[in-house]
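To keep things clear, I will list the structure first and then write my remarks on it.
The values are calculated or read from the model by the stated rules, or taken from the named source; none is laboratory data. Just so it is clear, the structure is predicted and the values come from calculations on it, not from any experiment. Neighbour counts are summed over all protein chains in view; Cβ atoms, including those assigned to glycine, are modelled from backbone coordinates with ideal geometry.
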Amino acid sequence: MISRNKIEEFIRVDHAGERGAVKIYEGQLLALNTLVKNEDLKKKIEEMKVHEVEHCQFFENEIRKRNIKPTKFLPLWDLLGVGLGFGSTLLGKKAAMLCTASVEEVIDKHYLDQINQLGPEEKELKKKITKFRNDELDHKDIAYEEGATKKGLYSIMDKIIKTSSKIAINISEKI
C-alpha cells in the first residue's frame, strides 16, 4: 500500500505539471496571437490545451478535496511556462512542437512510474492518470506529425527542456 505522503507528492507534482502545460500553451498562443502568424499551429495548440486544462482542473479539485498544499513554486513555474511557450514559438513551428514533444516524453515516464506504484486503494486516481498519460502520448504524436525534430541544434533544446522538466518535477514533489 502506498503512503499518504507519496499520494500527496503525486497530486502536488501532477497539479504543478498540468498547470505548467497550460502555461506553456498560453505562452505559445500569446506568440501566435501577436508576433507569429500560423493559424494551423494555433488550432493544434488550442486543441491540446483543452486536455491540459481538463487535467489541471482534476488535480486542482484533488488538492482541495484532499487538503494538499500545492507547490510553493507555482508562480515561478507559471512564469517559466509562459516564457518557454512564447520563446519556443518565436523560434518557429519545429521548436514549438519540439517543446511539446520533449515535455510529453518526460511526462510519459513520470505518469507511468506513478501508475505502476498506485494500488487498488487509489483506483480512481490511477484511472485518471492513465487517461491523462494517453492524452499526453497523443500530444507527443501530434508534435512529431507537425514537425518536431531533434536534429541539429534542436537536440540541445530537447535536452534543456527535458532536464528542466525533471528538475521541476523533483522540486514540486517535495516543496
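Screening the range 34-137 for helices (runs of 4 or more DSSP H) wholly inside it with 1 or more residues that are of a type in the set (Lys, Arg) and modelled with pLDDT of 95 or more returns the ranges 39-65, 93-117.
State yes or no: is Lys93 without any contact (Cβ under 8 Å) to a residue 40 or more places away in the chain and either among the basic types (Lys, Arg) or within 20 Å of Ile45 (Cα to Cα) (or both)? Talk me through it step by step, then tell me what you get.
Values: without any contact (Cβ under 8 Å) to a residue 40 or more places away in the chain: no; either among the basic types (Lys, Arg) or within 20 Å of Ile45 (Cα to Cα) (or both): yes.
Here the answer is no, as Lys93 does not meet what is asked.
Consider the range 88-125 and keep the residues that are within 16 Å of the chain's Cα centre (by Cα) and more than 18 Å from Met48 (Cα to Cα). The one that is surrounded by the most Cβ atoms within 10 Å (Cβ to Cβ) is Gln114.
Return the residue satisfying two criteria in turn: it lies in the range 138-172 and is among the small types (Gly, Ala, Ser) and outside any loop (DSSP other than H, G, I, E, B), and of such residues it is surrounded by the fewest Cβ atoms within 10 Å (Cβ to Cβ). Explain how you work it out, then say what you get.
Of the range 138-172, the ones among the small types (Gly, Ala, Ser) are 143, 147-148, 152, 155, 164-165, 168, 172.
Then keep just the ones that are outside any loop (DSSP other than H, G, I, E, B); that gives 143, 155, 164-165, 168, 172.
On the way: Ala143: 24, Ser155: 12, Ser164: 15, Ser165: 20, Ala168: 22, Ser172: 23.
Taking the candidates together, the pick is Ser155.
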